[in-house]
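Encoded as structure tokens, the structure appears first; notes follow it.
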Amino acid sequence: MVLAETVETGGGSAGKRRAVLDAAMMLFVEQGYAFASMEEVARRAGVAKQTVYNHFGSKKALFEAIVEQICDELMATVNLDPSHEAPPAVVLEDFACRFVRLMVEPVSIGLFRLLAAEAHRFPELSEAVFRSGPDRVLANLARYLQAQHQAGRLEVSDPALSAEMLMGSLRGNLELKALFSGADKLTAINGDADRLDRYARHCVQMFLTAHAMPATAG
């Protein structure tokens with residue numbers, strides 16, 4: 001007896017592709033790369049298994065597409081315009097609050113754990129993730145800091161190093177705590193938005209103090 005195929009969800013090709021990506025991301029985070037099956041991805045996405053293969057070809061290609069999507073969404077969330085005219089405190093605090101909230105989201109933490117676990121299996125992908133995600137954020141932040149230095153708003157002699165300094169302080173112990181938290185604790189961390197924002201603003205204030213323009217003699 002031939003079993004009936006999964007009844008597919010609507011939304012056209014683009015909608016099905018997005019449904020597959022969303023389902024696969026959650027499955028990879030929950031079960032890891034090795035145990036996640038294309039059959040289960042199809043079931044969760046509400047599409048036929050062949051539809052998954054038509055869009056991505058293989059589990060490895062699907063995994064790579066997920067990582068690319070996450071990196072693009074990361075950049076869209078924490079993008080900085082170097083020509084922004086608002087005071088650096090306003091711009092950087094907004095950036096820091098958005099970044100910190102994104103950093104501790106369960107999906108972000110799950111993806112971080114997954115990539116760390118699979119780095120040996122996909123070394124080229126891991127390097128690509130760093131180039132497409134953290135490295136792009138750092139480069140974007142460094143360009144902003146350089147522009148602020150040239151405008152005389154901040155004293156930043158080494159924009160790349162200062163960008164690493166700020167990102168390192170934002171990650172800090174908070175990211176480690178989130179990475180080593182169970183589901184309930186991670187939910188509690190995400191639920192305290194005020195604390196996350198205070199943490200982000202404190203990091204920025206310390207950074208701005210370290211990069212304040214020197215006082216001129218009166």
Open item on the list: Taking the conditions exactly as written (exposed (fewer than 13 other Cβ atoms within 10 Å of the Cβ), of a type in the set (Asp, Glu) and farther than 19 Å from Glu30 by Cα), does Glu164 satisfy them or not?
Closed with: no
- [ ] For residues that are touching a residue at least 12 places away in the same chain (Cβ under 8 Å) and open to solvent by 20 Å² or more (accessible area, probe 1.4 Å), scanning just the stretch 109-128, find the one that is nearest to the chain's Cα centre (by Cα).
- [x] Phe112
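Counting only residues that are basic (Lys, Arg) and under 18 Å from Ala96 (Cβ atoms), which one in the stretch 108-155 is modelled with the lowest pLDDT? Break it down into steps so the answer makes sense when it comes.
Within the stretch 108-155, the subset basic (Lys, Arg) is 113, 121, 131, 136, 143, 153.
After this cut, where a residue has to be under 18 Å from Ala96 (Cβ atoms) as well, the list is 136, 143, 153.
Numbers: Arg136: 84, Arg143: 93, Arg153: 95.
My answer is Arg136.
How many residues does the stretch 36-64 contain that are among the polar types (S, T, N, Q), assigned to a helix (DSSP H, G or I) and exposed (fewer than 15 other Cβ atoms within 10 Å of the Cβ)?
Kept after step one, since they are among the polar types (S, T, N, Q), are these residues of the stretch 36-64: 37, 50-51, 54, 58.
Next, from what is left, pick out any that are assigned to a helix (DSSP H, G or I): 50-51, 54.
Still in the list and also exposed (fewer than 15 other Cβ atoms within 10 Å of the Cβ): 50, 54.
Result for the stretch 36-64: 2.
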TODO: Hand me the list of helices (runs of 4 or more DSSP H) wholly inside the stretch 73-190 holding 3 or more residues that are over 24 Å from Arg18 (Cα atoms) and touching a Pro at 6+ places or on another chain (Cβ under 7 Å).
DONE: 134-150
Task: In the stretch 1-33, residue modelled with the highest pLDDT [restricted to those that are open to solvent by 80 Å² or more (accessible area, probe 1.4 Å) and in a loop (DSSP other than H, G, I, E, B)] - done: Val7
Open item on the list: Just to be sure before I move on: is Arg136 over 28 Å from Ala117 (Cα atoms), of a type outside the set (Ser, Thr, Tyr) and either free of Cβ contacts under 8 Å to residues at least 24 places away in the same chain or open to solvent by 80 Å² or more (accessible area, probe 1.4 Å) (or both) in the structure I sent?
Closed with: no
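Within the stretch 140-159, how many residues are loosely packed, with under 14 Cβ neighbours inside 10 Å and of a type in the set (A, V, I, L, M, F, W, C)? Please lay out each step first, then the result.
Residues of the stretch 140-159 loosely packed, with under 14 Cβ neighbours inside 10 Å: 150-152, 155, 157-158.
Imposing the further condition that a residue be of a type in the set (A, V, I, L, M, F, W, C) reduces the set to 151.
Qualifying residue count, the stretch 140-159: 1.
Scan the stretch 187-201 for residues that are among the β-branched types (Val, Ile, Thr) and open to solvent by 60 Å² or more (accessible area, probe 1.4 Å) and report the count.
As a first pass, look at the stretch 187-201 and keep what is among the β-branched types (Val, Ile, Thr): 187, 189.
The next check asks that each one be open to solvent by 60 Å² or more (accessible area, probe 1.4 Å); those that pass are 187.
Residues that pass the stated criteria total 1.
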TODO: Working only within the stretch 167-180, note down all residues that are in contact (Cβ under 8 Å) with a residue 12 or more places away in the chain and open to solvent by less than 50 Å² (accessible area, probe 1.4 Å).
DONE: Met167, Ser169, Leu170, Gly172, Leu174, Glu175, Ala178, Leu179
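The values are calculated or read from the model by the stated rules, or taken from the named source; none is laboratory data. Small disclaimer: the values here were computed from a predicted structure and weren't measured. Reconstructed Cβ throughout: ideal geometry from the backbone, glycine too, with neighbour counts over all protein chains shown. Just the protein is used for accessible areas: all its heavy atoms, side chains included, with ligands, DNA and RNA removed. Shrake-Rupley method; radii C 1.70, N 1.55, O 1.52, S 1.80 Å.
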